[in-house]
Amino acid sequence: MALLPILRFPDPRLKKIAAPVTKIDDSVRQLIADMAETMYEAPGIGLAATQVDVHKQIVVIDVSEERNQLLALINPCLDELQGEQEGEEGCLSVPGIFEKVARAERVTVHYRDVDGETRSLVAEGLLAVCIQHEIDHLNGKVFVDHLSQLKQTRIRNKLAKQARVTA
């Protein structure tokens, strides 16, 4: 396994729309393992392939306290969204920034697992938020895109300042 570099907002590669995975083979399984290691090390609770500059519809998520319930979603598709919740979100591609975002409270997602089996999952709460957040990445969106232009500009400026300080 290997740690992968995570793209930082506003990197234009984060805007690329991910392509469906047509064949689930050892290279896809290796990518999932590398993404999981990268997510856990960061530390985060979700990571989309787009964030590591691989533009395939693959997401890894683990919202468990013990960090031992890895969920890999290949070609995830939201079928049903119900209710609304607003909560503070962060992102490994937007380090140190947390903002309130409105999301569906309950979602149904279908996807393929690492063995190529079609699966369906109903999620609520944090898992539902995480699934929506990561699928946004596959569609070329970062959570910052849900915010006002003023907040987006402030975040860009703050991250640019951080980059200058650490350079």
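The values are calculated or read from the model by the stated rules, or taken from the named source; none is laboratory data. Quick caveat, the model's predicted, so the values are computed rather than measured. All Cβ positions, even for glycine, are placed from backbone atoms using ideal geometry, and neighbour counts span all protein chains on display. All accessible areas refer to the heavy atoms of the entire protein, side chains included, with ligands and DNA or RNA removed. Shrake-Rupley method; radii C 1.70, N 1.55, O 1.52, S 1.80 Å.
Quick one: is GLY116 under 18 Å from the mean Cα position of the chain (by Cα) and touching a residue at least 24 places away in the same chain (Cβ under 8 Å)? The answer is no for GLY116. Select from the stretch 1-34 the residues that are more than 18 Å from GLY140 (Cα to Cα) and open to solvent by less than 50 Å² (accessible area, probe 1.4 Å) and list them in ascending order. ALA2, LEU4, ILE24, ASP25, VAL28, LEU31, ILE32, ALA33, ASP34 - these are the residues of the stretch 1-34 that are more than 18 Å from GLY140 (Cα to Cα) and open to solvent by less than 50 Å² (accessible area, probe 1.4 Å). Pairing residues of the stretch 62-74 that are open to solvent by less than 100 Å² (accessible area, probe 1.4 Å) with residues that are of a type in the set (D, E, K, R), at Cβ distances under 6 Å and at least 6 apart in sequence or on separate chains, gives LEU70/ASP62; ILE74/ARG112. Here GLN57 passes the criteria (1) crowded, with 16+ Cβ neighbours inside 10 Å; (2) touching a strand residue (DSSP E or B) at 6+ places or on another chain (Cβ under 7 Å); (3) modelled with pLDDT under 95 except the one numbered (3). The residues of the stretch 29-61 that are in a helix (DSSP H, G or I) and polar (S, T, N, Q), listed by number, are GLN30, THR38, THR50, GLN51. For LEU78, the conditions (1) under 20 Å from HIS146 (Cα atoms); (2) surrounded by fewer than 21 Cβ atoms within 10 Å (Cβ to Cβ); (3) aliphatic (A, V, I, L, M); (4) under 12 Å from the mean Cα position of the chain (by Cα) are fulfilled apart from (4).
Screening GLU66 on (1) over 21 Å from LEU4 (Cβ atoms); (2) in a strand (DSSP E or B) shows it passes everything except condition (2). Are any of the residues in the stretch 21-29 under 22 Å from SER93 (Cα atoms) and not hydrophobic (A, V, I, L, M, F, W, C)? No.
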